[in-house]
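Presented below is the structure to which this report refers.
The values are calculated or read from the model by the stated rules, or taken from the named source; none is laboratory data. Bear in mind that the values here come from a model prediction, so they are computed numbers and not experimental data. For the accessible areas, the whole protein counts, side chains as well, though only heavy atoms, and no ligand, DNA or RNA atoms are used. Shrake-Rupley method; radii C 1.70, N 1.55, O 1.52, S 1.80 Å.
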Amino acid sequence: MRAELAGLHQELTDRRVNRVNMLREFFHATPEEVRELLKKHSGQVLEYVLEPEATEHRQSLAVQA
C-alpha cells in the first residue's frame, strides 16, 4: 500500500497545495483524476463515491445561505 501511495504522491507533486510543509498531503486534482490514478497504481478501486453524502456539510451550507 505504501508503494501505491508514494506513486500517487509522486505523480501529483506538481499539484501540491502546501509547498512548505511536505507532510500536508493535499493536491489540486479532480475526483475523476484521482480515481484513474488509483486504478493505475493499485490496479483496483474497492469503493469510490463521486459525490459523497456529506450531510453536515450540506446542512452548514444551507445555514449560511
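Annotations for the structure displayed:
- Percent of Cα pairs exceeding the 13 Å cut-off, where the set is the chain: 71
- Tilt relative to the chain, helix 31-42 - C-alpha long axis, 0 to 90 degrees, to 10: 30
- Within the accessible area of the chain, the carbon and sulfur atoms contribute 54%, probe 1.4 Å, all protein chains present.
- In the context of the full set of protein chains, residues of the chain present 87 Å² of accessible surface per residue (probe radius 1.4 Å, heavy atoms only).
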